[in-house]
Amino acid sequence: MRFNQLVPELSVSDIEKSKRFYTDILGFQIEYERVEDKFAFLSLGEAQLMINEINGHWETGKLEYPLGRGINFQIEIDHVEEFVARIKEKGVVPFKDIFTSKYRCDGVSYVEKEVLIQDPDGYLLRFSETLEEE
């Protein structure tokens, strides 16, 4: 397995609840886990993410819901509309439903279809599909 150079690790309140959310609802795969440490390494396509139940080792301050305030994680996927239909069938209500954004990078504009959802601990996940380049 190849590890990305940057892999976020999210502190979660309930590892089993988070694993079910990420795998059963969002479609992530568990690449490996350390059950005794309440840790799992997840992937979706080329996106990688680690989740670890809050254990007192990594906290730099008081953790309270929603966790991860001030950050969102963009995850590139294919077919945002199909993804949203699937998660809504499973009871997930998007934080912000499907919208289109235009981003400029090095003189090239990209149009992306995006949706924002929150995981059980309130982390903001932005799933996006690149539609076109201009």
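The values are calculated or read from the model by the stated rules, or taken from the named source; none is laboratory data. Source: prediction; values computed, not measured. Cβ placement follows ideal geometry from the backbone for every residue including glycine, while neighbour counts extend to all protein chains displayed. The accessibility values were calculated without ligands, DNA or RNA, using every heavy atom of the protein model including side chains. Shrake-Rupley method; radii C 1.70, N 1.55, O 1.52, S 1.80 Å.
Things worth noting here:
- Residues (open to solvent by 90 Å² or more (accessible area, probe 1.4 Å) and either free of Cβ contacts under 8 Å to residues at least 40 places away in the same chain or in a loop (DSSP other than H, G, I, E, B) (or both)) located in region 71-85: Asp78, His79, Glu81, Glu82
- Whichever residue in region 117-134 is surrounded by fewer than 18 Cβ atoms within 10 Å (Cβ to Cβ) and under 21 Å from the mean Cα position of the chain (by Cα) and, among such residues, is nearest to Ile75 (Cα to Cα): Arg126
- Count of region 105-116 residues which are open to solvent by less than 70 Å² (accessible area, probe 1.4 Å), at pLDDT below 95 and of a type in the set (Asp, Glu): 1
- Phe95 being closer than 25 Å to Thr130 by Cα, of a type outside the set (A, V, I, L, M), in contact with a helix residue (DSSP H, G or I) (Cβ under 7 Å, 6 or more places away or on another chain) and surrounded by 10 or more Cβ atoms within 10 Å (Cβ to Cβ): no
- Close Cβ contacts (under 8 Å, 6 or more residues apart or on different chains) running from residues in region 1-29 that are closer than 14 Å to Met50 by Cα to residues that are among the aliphatic types (A, V, I, L, M) and open to solvent by 40 Å² or more (accessible area, probe 1.4 Å) comprise Ser11/Ile54; Ser11/Leu63; Val12/Ile54; Ser13/Ile54; Lys19/Ile30; Thr23/Ile30.
- Within region 26-46, the residues that satisfy the criterion of being open to solvent by less than 30 Å² (accessible area, probe 1.4 Å) and not in a loop (DSSP other than H, G, I, E, B) are Phe39, Ala40, Phe41, Leu42, Ser43.
- Set Leu131, Leu125: member being part of a strand (DSSP E or B), in contact (Cβ under 8 Å) with a residue 24 or more places away in the chain and farther than 16 Å from Ala47 by Cα: Leu131
- Residues being free of Cβ contacts under 8 Å to residues at least 24 places away in the same chain, of a type in the set (Lys, Arg) and not in a strand (DSSP E or B) - total across region 88-113: 1
- Criterion: open to solvent by 70 Å² or more (accessible area, probe 1.4 Å), more than 20 Å from Gln5 (Cβ to Cβ) and touching a helix residue (DSSP H, G or I) at 6+ places or on another chain (Cβ under 6 Å) - qualifying residue of Lys90, Lys102, Lys62: Lys90
- Residue in region 47-59 that is under 28 Å from Arg2 (Cα atoms), open to solvent by 70 Å² or more (accessible area, probe 1.4 Å) and assigned to a helix (DSSP H, G or I) present: no
- Remark: Asp119 matches the filter, which requires a residue to be charged (D, E, K, R), modelled with pLDDT of 95 or more and within 17 Å of Val12 (Cβ to Cβ).
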